[in-house]
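The next block holds one structure in the form of structure tokens; read it before the comments.
The values are calculated or read from the model by the stated rules, or taken from the named source; none is laboratory data. Everything numeric in this text was worked out from a predicted model, so none of it was measured. Cβ atoms come from the backbone with ideal geometry, glycine included; neighbour counts cover every protein chain shown. In case anyone asks, the SASA skips ligands and DNA or RNA and just uses the protein heavy atoms, side chains included. Shrake-Rupley method; radii C 1.70, N 1.55, O 1.52, S 1.80 Å.
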Amino acid sequence: MSSRLGGCMSNPTSFPISFEFFPPKTPAGADKLVQVRHALYAARPAFFSVTYGAGGSTQDGTLQQVQAILADGQDAAPHFSCIGATRDNVRLQLAQFKAAGIRRMVALRGDLPSGHGTFGEFRYASELVAFIRAETGDHFHIEVGCYPEVHPQAKSPEADIQAYVTKVKAGATSAITQYFYNSDAYFRFVQEVQQHGADIPVVPGIMPIISSTQLMRFSDACGAEIPRWIRLRLQSFGDDVEAIKAFGLDVVTDLCEQLRQGGAPGLHFYTMNQSAPTLALLERLA
Ligand code: FAD
């Protein structure tokens, strides 16, 4: 299955891929990300997305990064969360995106910082999506988030499905999932939302496994389940980074294969601002 990619490659998989970054927090991180971006351009992704607000990043950092990617001739989408926002703020931001030549965004509710603050004029992402459509028509390709293992604050799995369906009917173009390591959860989610008439593409979000402590920390925060067998194996490697990476590469390659064979419409990689783990996965999937 594997083919050598050498120093330069085109998308070695047979279906669309996209890559996610977060805005760098330091000048050194920004310099490194330029190299990472260029290494990943060679894989010919459909687009890059850049997070907003996660870890305290600002909308300015997101927009700067998106503009840099667009200036390199690649498609890029800012993440945009409406928590605490007013309609006027959002209207201004949409005008800024349009002026920057942006045609795609990831529209989210976001989270209140450490549970404090106020929701603002938008309670749910579905309200943001409806507002964007009312203000800008078909200008933007709107991605939304979804949760095959159920959003941690959902009242019930059924309510979460219904919330997703409402978001789709408000005008979402396609969806990207929270990461997961259990493909059954993804396939069941897709089947259920389709039965409710929400049939936009649902692209799995893929988190390469590169560090066990980082993965456990993220997963606890966002409600993504690390299956017991994966957790125990990772713990058993202790500080052996190479063993963790090799095991993670095997596990995530198998997951991507299952998703591809099961008909997923593409893969969205949470790169964590690194190129090597994602490129290693793509090489294995070639
Ligand atoms: P919503 O779709 O609004 O859902 C939030 C909760 O409300 C869910 O529990 C849902 O079941 C419930 N709900 C929704 N509508 C209703 C309703 N009508 N009635 C009752 N309950 C309802 N966060 C960031 O801060 N920055 C980022 O850049 C970022 N990028 C992300 C990218 C992806 C692909 C994903 C999957 C998540 C991302 N997040 C990001 C995290 C996201 O902001 C959080 O998960 C947030 O808690 C929910 O956002 P949402 O857009 O999915 O919200």
ask   = Hey, which aspartates and glutamates would be in cross-link range of K32, C-alpha to C-alpha under 14 Å, not counting anything within fewer than 8 residues on its own chain?
value = none
message = Please report the net charge: other residues with Cβ closer than 9 Å to the Cβ of I176, K and R +1, D and E -1.
response = -2
task = For the chain, give the percent of accessible area contributed by carbon and sulfur heavy atoms, probe 1.4 Å, rounded to a whole number.
result = 51
ask   = Taking amide hydrogens as modeled 1.01 Å from N in the peptide plane, which residues meet the under 5 Å criterion relative to V50, leaving out close sequence neighbours?
value = F21, A77, H79
inquiry  = I need to check one value: relative contact order of segment 61-106, counting alpha carbon pairs closer than 8 Å and at least 6 residues apart, in percent.
reply    = 43
request  = May I ask which residue of P148, T278, Q59 lies farthest towards the positive end of the charge dipole of the chain, with charges of +1 (Lys, Arg) and -1 (Asp, Glu) on Cβ and the Cα centre as origin?
outcome  = Q59
request  = At 1.4 Å probe size, with every protein chain present, just tell me what the per residue accessible area of segment 17-285 comes to in Å².
outcome  = 46
query = In the chain, which helices (entire DSSP H runs) extend 27 Å or more along their own long axis, judged by Cα positions, while averaging at least -0.5 on the Kyte-Doolittle scale?
reply = 241-261
note = Note on segment 236-286: alpha-carbon gyration tensor, axes a ≥ b ≥ c; rule is a/c under 1.5 for rounded, else prolate if a/b larger than b/c, else oblate; result prolate
task = Evaluate the charge dipole of the chain about its Cα centre and quote only its size in Debye, nearest 20, assuming +1 on the Cβ of each Lys and Arg and -1 on the Cβ of each Asp and Glu.
result = 300
request  = Determine the relative contact order of segment 61-180: mean sequence separation of Cα pairs under 8 Å and six or more apart, normalised by residue count, in whole percent.
outcome  = 24
query = Counting alpha carbon pairs within less than 8 Å and at least 6 residues apart, what relative contact order, in whole percent, applies to the chain?
reply = 22
remark   = Given a Förster distance of 25 Å, the FRET efficiency implied by the Cβ-Cβ spacing of F119 and A99, rounded to the nearest 0.05, works out to 0.35
request  = Go ahead and estimate [θ] at 222 nm for the chain from helices alone: -39,500 (n - 2.57) per DSSP H run with n ≥ 4, summed, over the residue count, rounded to 500.
outcome  = -14500 deg cm²/dmol
